[in-house]
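The values are calculated or read from the model by the stated rules, or taken from the named source; none is laboratory data. These figures come from a predicted structure and were not determined experimentally. Positions of Cβ are backbone-derived with ideal geometry, glycine not excepted, and every protein chain shown enters the neighbour counts.
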Amino acid sequence: MTQVLTRVLPRAGLLAAALVAAPGVAHGQGMGAKPESREVTVTGVVVDVSCKFGQGLTGDQHRMCAQVCADKGIPLAILTDDGTLYIPTSAAMPGDGQNGRLKEFAEQRVTVSGKSFAAGGARALQIETIKKA
């Protein structure tokens, strides 16, 4: 019995490691694979994610609060009419924060162009251009 376990357990460990790694590899992640992107132009509202989703605060009356939160590091994002949340990112390494570019548009509609990437249940967006919609 001991001989069987010494042969089977190391192989089982390799199989377990392969199964854990497989989902990331299957989706093109890990192993140095660059995430797939596409050029997009989207229109939506610049939201303070903490107040929007944690407190339900939105709109012009919340604009100044969103700007203060942005200065304190709370992320701003772009929420489109269809409910897609675009998380602004940077192509720079290490990434630069994007709140400085979005702050003046807090709680306003914007049209943004750039590269979009899948990001869990949201989308990441490397902003190239931004203007008030």
- Message: If I ask for residues that are part of a loop (DSSP other than H, G, I, E, B) and more than 15 Å from residue 67 (Cα to Cα), which ones from region 82-123 would you list?
- Response: 82, 83, 84, 90, 91, 92, 93, 94, 95, 96, 120, 121
- Message: If I filter region 39-62 down to residues being surrounded by fewer than 17 Cβ atoms within 10 Å (Cβ to Cβ) and either modelled with pLDDT of 95 or more or not assigned by TED's automatic domain parsing to the domain that holds residue 119 (or both), which single residue comes out as farthest from residue 81 (Cα to Cα)?
- Response: 39
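How many residues are in a loop (DSSP other than H, G, I, E, B) and not small (Gly, Ala, Ser) if we restrict to region 49-81? First the steps, then the outcome.
Here is the first cut: in region 49-81, the residues in a loop (DSSP other than H, G, I, E, B) are 55-59, 72-75, 81.
Right, trim to not small (Gly, Ala, Ser) and you get 55, 57-58, 72, 74-75, 81.
Qualifying residue count for the region: 7.
Has region 106-114 got at least one residue that is in the same structural domain as residue 49 (by TED's automatic domain parsing), buried (at least 17 other Cβ atoms within 10 Å of the Cβ) and under 14 Å from the mean Cα position of the chain (by Cα)?
Scanning region 106-114, I find at least one residue that is in the same structural domain as residue 49 (by TED's automatic domain parsing), buried (at least 17 other Cβ atoms within 10 Å of the Cβ) and under 14 Å from the mean Cα position of the chain (by Cα), so the answer is yes.
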